[in-house]
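Since the structure comes first, as structure tokens, the remarks are kept for the end.
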Amino acid sequence: MGVRQSWKKGEPIMAEEDYKGVWVFVEQTDGEPATVSWELLSVGADLARKLDVELCTMVIGDNVEHLCQESFVYGASKVYLIDAPVFHDYRTEPYYRAVRYLIDKYKPEVVLLGSTSLGRDLTGPVATELNTGLTEGCTELDIDENRLLLQTRPAYSGNIMATIVNERARPQISTVRPRAMEVPEKDTSRTGEIVRESMDISEEDIGVKVLEVIDSSKGEAGAIDITAADIIVCAGRGIQSSENFQMIQELADELGGAVACSRAAVEDGLTPVESWVGQSGTTVRPRIYIACGVSGAIQHTAGMRDSDVIIAINYDKQAPIFEVATFGIEGDVLQVVPAITRYVRELRARK
Amino acid sequence: MLIVVCIKEVPDAAYINIDPATGTLIREGVPSIINPFDNHALEESLRLKEKHGFRVAAISMGPTSAGETLRNALAMGVDEVVLLSDPVFSGSDTLATTKVLAEAIKRLAEKEEVAIVICGKQTIDGATAQVGPGIATRLKYSQLTLVDQIQNVDDQAGKVRVRRMLEGRYEIVEATLPALITVVPQINTPREPTVRMQMMAEDAEVTLWDNEVMKLPKESIGVKGSPTRVRKIFSQIMPESEILGDGIYDPEGAAHLLIDTLTEEDILSL
Ligand SMILES: Cc1cc2nc3c(=O)[nH]c(=O)nc-3n(C[C@H](O)[C@H](O)[C@H](O)COP(=O)(O)OP(=O)(O)OC[C@H]3O[C@@H](n4cnc5c(N)ncnc54)[C@H](O)[C@@H]3O)c2cc1C
Ligand SMILES: Cc1cc2nc3c(=O)[nH]c(=O)nc-3n(C[C@H](O)[C@H](O)[C@H](O)COP(=O)(O)OP(=O)(O)OC[C@H]3O[C@@H](n4cnc5c(N)ncnc54)[C@H](O)[C@@H]3O)c2cc1C
């Protein structure tokens, strides 16, 4: 295991036949799976087909057996399950030890995790312990003619894309950005094999305790989860005052979407939230992203340029946001946004 | 007790471009800056120093030019800086980078007990967010990522309590020291160095640890110690944008055109 010392460029991988299978880590909180896990099964299925190997998941948690059947429904044929109270709250150490244990024992060649807070917390320790490579935040995965995983990811604030390979250590570990892949079709008739494992970790061994969880969806805090949103309406500094945030909220509500902000809007106190979209904030990839009075600084676009359709509303024709936009409206957000909301309401009323 | 803050010098992302002919990065004329997240890491380390009387050391692995970034850390109030620079370190991926940084922290810890290591959430160039976790794993420190508040440090009891900012929720977490913390920019507003401090920093010494000092096996660092390799670099081409209507003089018309276009093209269904 680990980096091969005598390896030379172009040489075939030493232990290729020892490592087989594509694995997906099923991320969950209180037994509730993260959608990205199922998205990973769609790209995972594609990789497994190209490699002609099995597609498996790792389910680790406390009372999470129901996620095994869900794994099958979304395309896995085998699940490695570790179910114990010590895995109730996510903590780095018990989780990385469990993942490492499973990888050491069963030797998959590809391991995929979501590029989420949790996935990014877990991947580094796993790869470090296994002395192998990782590629963070992929948006595309493929297999080359030598069975190597081609891992493509944005870098330099999304200005460039890089394709990364790991030729000399196994497994090849990647995290994949949420919403970069489609959720596969459900097939409720599918079943598979559950491999139960257990780990000898006790609560006393773990130096980290989660004392409290403050859930913002219950209105208790300013961090909102926008990574799952299909439609995002983003307020920039161009909304000018906190009263005008209401019109952003109304458009989002009308479209069934979520509101988001630029960093400048948050820092100027124009919005009720504390998190923003961008390089130093959240990366999102909705189907529709509506940027309202956002200039499109590179630090902002780094976090949203992969959205399917980007709509920019800005009265400055020169604003860089128009360079990443699919559609643009040159105009005053304070007029255009309410006009869109009115028209959507009108169309709905006509139906 | 020592706080170690890890800082990286990065090319200013706003200036990065690809040479369309060769497919390589154009580096000329691209200014180097401190990774912006690391300014928040630095600031937080200085606040811990002021509050608890800890000493602060800043370390950076990079080319010799990164010495300037470290000098700036001195001007902000850091007590000691170490530059990790050697041709054999270059080309390191995250696995090899964390090897060098973790070994450097071990060396510092030989002289003075380390309480906390602080990193930025991620960089603006590689942006993997994996260096902090890699260091924590190698040193067997408690790992606390995405921290937006360090609420309490109790070095007597050997405990730290932080708030983590996650998707749609916060977590209050307590961990045993030593701990590695990665910080989000919400944690603080970094200070500006004073002129007096800047002048002092100009003459201050930047300690250099090359591999003569570090003595790390070559196969664990640099290109040799890096399992990942960049095979190809290319620009992401964005399609031309289409300006709809005349939003200045006819906002209603432009709004209608937008929604009609979205529904006709099956992007939106109402
Ligand atoms: C290290 C670092 C990290 C950063 N990280 C992030 C990040 O993650 N996310 C982020 O968003 N920013 C980030 N920033 C800040 C970023 O550089 C920009 O300053 C910020 O994105 C600007 O926000 P904005 O577009 O809302 O405001 P501005 O740049 O002020 O733009 C406002 C826009 O609104 C337009 N406008 C004004 N009034 C109207 C109107 N009535 N109608 C129509 N248009 C109008 C203006 O033409 C302008 O284009 C970061 C900066 C740094 C240095
Ligand atoms: C285009 C491109 C793509 C890459 N992709 C990958 C990849 O997929 N996998 C991979 O393993 N490597 C990759 N790398 C290499 C990676 O960027 C380097 O290993 C880098 O040294 C550290 O990673 P980072 O910049 O992502 O740091 P991050 O993990 O994002 O940095 C987090 C924090 O760690 C600290 N830190 C990071 N680097 C240093 C340093 N040199 N000195 C001091 N403190 C530091 C800082 O506090 C920083 O805020 C890539 C590089 C490029 C240019």
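Values for this structure:
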read-out: Mean ellipticity per residue at 222 nm, deg cm²/dmol - from DSSP H runs of n ≥ 4 across chain A, formula -39500 (n - 2.57); value: -8000 deg cm²/dmol
read-out: Average partner coverage of B:12-18, which counts Cβ from other chains inside 10 Å; value: 5
read-out: Segments A:316-324, A:36-44, A:131-139, A:52-60 sorted - mean Cβ within 10 Å per residue, highest first; value: A:36-44, A:131-139, A:52-60, A:316-324
read-out: Eligible lysines near A:LYS317 by straight Cα distance, threshold 25 Å, same-chain separation 8 or greater; value: none
read-out: Partner chain coverage, peptide B:134-145 - average Cβ within 10 angstrom; value: 5
read-out: Reachable aspartates and glutamates from B:LYS224, criterion Cα separation under 16 angstrom, eight or more residues apart if same chain; value: A:GLU11, A:GLU167, B:ASP86, B:ASP93
read-out: Bins of 10 Å from zero: percent of alpha-carbon pairs in chain A; value: 5, 23, 28, 23, 15, 5, 1, 0
read-out: Residues in the stretch B:75-100 that a label on B:LEU208 would reach, taking backbone N under 17 Å of a point 7 Å out along Cα→Cβ; value: B:81-90
read-out: Rounded D (µm²/s) - the protein assembly as shown, Kirkwood Rh over Cα pairs, Stokes-Einstein at 20 °C, 1.002 mPa s; value: 84
read-out: Cβ neighbours within 10 Å from other chains - mean over B:183-193; value: 2
read-out: Relative packing of peptides B:220-232, A:72-84 - highest average C-beta neighbours within 10 Å first; value: A:72-84, B:220-232
read-out: For the stretch B:1-142: span of alpha carbons on each principal axis (Å, largest first); value: 53, 29, 24
read-out: Value of [θ]222 nm, deg cm²/dmol, for chain B, DSSP H segments ≥ 4, -39500 (n - 2.57) each, nearest 500; value: -9500 deg cm²/dmol
read-out: Kirkwood hydrodynamic radius (C-alpha pairs) into Stokes-Einstein, chain B, 10 °C and 1.306 mPa s, D in µm²/s; value: 76
read-out: Computed E for A:GLU182/B:THR263 - FRET, C-beta separation, R0 25 angstrom, nearest 0.05; value: 0.70
read-out: Karplus 3J(HN,Hα) series, Hz, for the stretch B:246-253 with 6.51 cos²θ - 1.76 cosθ + 1.60 (x for Gly, Pro); value: 10, x, 6, 9, 9, x, 4, x
read-out: Among the listed pairs A:LYS78/B:LYS121; B:LYS159/B:LYS218; A:LYS78/B:LYS232; B:LYS99/B:LYS121; A:LYS186/B:LYS121, those beyond 27 Å (Cα-Cα); value: A:LYS78/B:LYS121; B:LYS159/B:LYS218; A:LYS78/B:LYS232; A:LYS186/B:LYS121
read-out: Estimated FRET transfer efficiency when R0 is 35 angstrom, pair B:SER32-A:ASP308 (beta carbons, to 0.05); value: 0.50
read-out: Those aspartates and glutamates that a straight Cα-Cα span of less than 13 Å connects to B:LYS111, excepting residues fewer than 8 apart in one chain; value: B:GLU80
read-out: Projected-area mean, the stretch A:2-201, by convex hull of Cα positions, square nanometres; value: 11.0
read-out: Computed E for A:LYS317/A:ASP225 - FRET, C-beta separation, R0 35 angstrom, nearest 0.05; value: 0.55
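A short reminder: the numbers here are calculations on the coordinates, not readings from a lab. A quick note: this is a predicted structure, and the numbers were derived from the prediction, not measured. Every residue, glycine as well, gets a Cβ built from its backbone with ideal geometry; the counts of neighbours run over all protein chains shown.
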